[in-house]
Amino acid sequence: MEPLTTSRLVLEPWRERYAADLVRMSSDEKVMRHIGQGVWTPEYAAQRHAAALHHWAQHGFGWRAILDRADRTFLGLAALSWIRDPIPGIGLPAVEIGWWTEPHAWGRGVATEAAAALVDEVFDRIGADLIVARCTPGNVASQRIMGKLAMTRHPHDTLSAYGDLVHVYTLTRPSPS
Ligand SMILES: CC(C)(COP(=O)(O)OP(=O)(O)OC[C@H]1O[C@@H](n2cnc3c(N)ncnc32)[C@H](O)[C@@H]1OP(=O)(O)O)[C@@H](O)C(=O)NCCC(=O)NCCS
């Protein structure tokens, strides 16, 4: 699978070589402040890394490493995955989208630029009609991104995989004009 390219970024399918980047990011309290139970152990990060590779092998899409287009520096990850467990009021199939960026890259629009490319990938290549994102009520930066992607807040909150109350945002495939 080819990387996606945006004006400043290359979005490369998740590969073995990003295992250490995931361990580093997921052990950073700043990154994990709004994610479930906080920092991950290296063992749990390795499980999630393996699951991300498996999702690609099974479905032909998934997590992508966000790289600086100029010098291929690792800037974070942008994630797509099929939603497996029902969410109240959300019809499946639907694809979940998510984003983590390295703290040194925050505030430059990196997550938004990567996420917008993944939204296009869902509608144009993967062919799903519904995108869902979830975030904790305190994650204002993530909510800003959902707004910039034109996602709208679903009326029902739900619980995350970690048992936290989370807001649910959705984006439906635009009708052809
Ligand atoms: C959320 C996250 C991905 C944002 O990354 P980023 O590359 O800085 O995102 P962008 O620059 O594209 O957009 C962030 C927006 O949030 C705003 N923002 C950032 N921090 C904020 C804060 N503490 N309060 C309010 N708004 C904030 C920015 O101003 C920007 O909005 P704007 O363009 O309207 O000004 C990054 O902070 C992160 O990785 N956090 C930890 C992991 C995480 O929580 N991921 C999301 C899980 S749902």
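Structure data summary
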read-out: Centroid-to-centroid separation of segment 102-148 and segment 1-60 [C-alpha atoms, Å]; value: 15
read-out: Projected-area mean, the chain, by convex hull of Cα positions, square nanometres; value: 10.1
read-out: Per-residue [θ]222 nm for the chain (sum of -39500 (n - 2.57) over DSSP H runs n ≥ 4, rounded to 500); value: -8500 deg cm²/dmol
read-out: Accessible carbon and sulfur surface of segment 1-100 relative to its total accessible area, %, 1.4 Å; value: 53
read-out: Loop chymotrypsin sites (Phe, Trp or Tyr not before Pro), segment 68-177 (other Cβ atoms within 10 Å of the site Cβ: 11 or fewer; DSSP); value: Tyr162
read-out: Heavy-atom surface of segment 4-172, accessible at 1.4 Å and reported per residue (Å²); value: 49
read-out: Backbone HN-Hα couplings from phi across segment 71-78 [Karplus 6.51/-1.76/1.60, Hz, Gly and Pro as x]; value: 9, 6, 4, 6, 10, x, 9, 10
read-out: Cut-off under 5 Å, modelled amide H: who pairs with Thr6 long-range; value: Leu11
read-out: HN-Hα J in Hz across segment 32-48 - Karplus 6.51, -1.76, 1.60, θ = phi - 60°, x for Gly and Pro; value: 8, 4, 10, 10, x, 8, x, 4, 9, 6, x, 5, 5, 4, 5, 5, 5
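The values are calculated or read from the model by the stated rules, or taken from the named source; none is laboratory data. Since the model is a prediction, treat every value here as computed from it, not as a measurement. As a convention, Cβ positions derive from the backbone with ideal geometry for all residues, glycine included, and neighbour counts pool all protein chains shown. What goes into the accessible areas is simple: the full protein's heavy atoms, side chains included, and nothing from ligands, DNA or RNA. Shrake-Rupley method; radii C 1.70, N 1.55, O 1.52, S 1.80 Å.
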